[in-house]
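Here's the structure we're looking at; comments come further down.
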Amino acid sequence: AKTPTSGVFVRIPIDKSKPFAHLEKSTISTEEDKKKINKLPEILQESVGKYPEAKNEILKYFTWKSDPKNYDLTGVYKKGDIPRFIQWDSRWGFEPIGDSYMAHSACGPVAMSSVYIHFTGDNKMNPVEMSKWAVKEGYYINDFGTSGYIFEEGAKKLGLKSYIIPFEMEQIKQAIDDGNLLVLHVRKGDFTYSGHYIMLIGYDKDDKLIIHDVNSPNNSQKRWDYDRLVNQVTTVWAINE
């Protein structure tokens, strides 16, 4: 059973120029860490096992369980910002999504929240609210995860425009130049052991791709070669207002 969040709304200061600075960095696991990990819900143990950089943040589960809070993003992001949300951020990672936790299973809604806030400036649709909306609208399916339809008809229900483009460099660059944010579905590879959604938010002067991976600050701070990604990407949604 998951602990319901309290009615307490709190904020932590976020430096938008250092979007991952507030996350607890992972170091080498101590024996004490290992004992704590073994006490986590099984699905969070799985997240730590697969994605070690999430370890220290996910270990905040025990603090959250004893004192759950709701986080208020009002005024944090304005239209045009690209919130660099991470799904296992302890502000929301332990909230339920279907039969799972957001830290483990909310890559789709977390990416959609970032896209939505970018185009609208409406901070109310934070990752928690977007996850609730995804479940209510049927875009999140237990034992499967988030359907790609959240980025098609879902985006349109939210008042945005969306269309699928091929993962070809010139079309990617044109879509970005036209003001779109791109959401990519990727298969097993650099980002996931199964399936995952990441954002493509730009490219640099050397045509390296700028990725925001909602499951990895490390991946989000690298530049990526098109050739490295081309066989991992299955679908590209270009979303605009």
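Laboratory data are not the source of any read-out in this text; all were calculated from the coordinates shown. Here the structure is a predicted model, which means the values were calculated and not measured. Cβ placement follows ideal geometry from the backbone for every residue including glycine, while neighbour counts extend to all protein chains displayed.
Please compute the modelled spin-label separation between LYS222 and SER194, points set 7 Å along Cα→Cβ, answer in nm with one decimal.
2.2 nm
Take peptides 118-126, 181-189, 15-23, 102-110 and line them up by average Cβ neighbours within 10 Å, highest first, as a rough protection proxy.
102-110, 181-189, 118-126, 15-23
Counting helices only, and only those DSSP H runs with n ≥ 4, report the 222 nm mean residue ellipticity of the chain as the sum of -39,500 (n - 2.57) divided by its residues, in deg cm²/dmol to the nearest 500.
-8000 deg cm²/dmol
Normalising by the residue count of the chain, find the relative contact order in percent from Cα pairs under 8 Å and 6+ residues apart.
Computed value for the chain: 16 percent relative contact order.
Looking at segment 138-229, which GluC sites (Glu not before Pro) are in a loop (DSSP not H, G, I, E or B) and have at most 14 other Cβ atoms within 10 Å?
GLU168
Quick one: 3J(HN,Hα) in Hz for segment 217-224, Karplus 6.51/-1.76/1.60 with θ = phi - 60°, rounded, Gly and Pro as x.
Couplings: x, 4, 5, 6, 9, 9, 10, 10 Hz.
Quick one: dipole size for the chain, taken about the Cα centre, charges +1 on Lys/Arg Cβ and -1 on Asp/Glu Cβ, in debye to the nearest 20.
In debye, rounded to 20, the chain gives about 600.
Can you give me the distance in nm between label points at ASN142 and GLU46, each placed 7 Å from the Cα along the Cα-to-Cβ direction?
So the label points at ASN142 and GLU46 sit 1.4 nm apart.
Provide the per-residue ³J(HN,Hα) series for segment 20-29, in order, calculated from phi with Karplus coefficients 6.51, -1.76, 1.60 and θ = phi - 60°, each as a whole number of Hz, with x at glycine and proline positions.
Values per residue, Gly and Pro as x: 10, 5, 7, 7, 6, 6, 8, 10, 4, 5 Hz.
Roughly what angle does helix 107-120 make with the longest principal axis of the chain, taking Cα atoms, 0 to 90 degrees, to the nearest 10?
60 degrees
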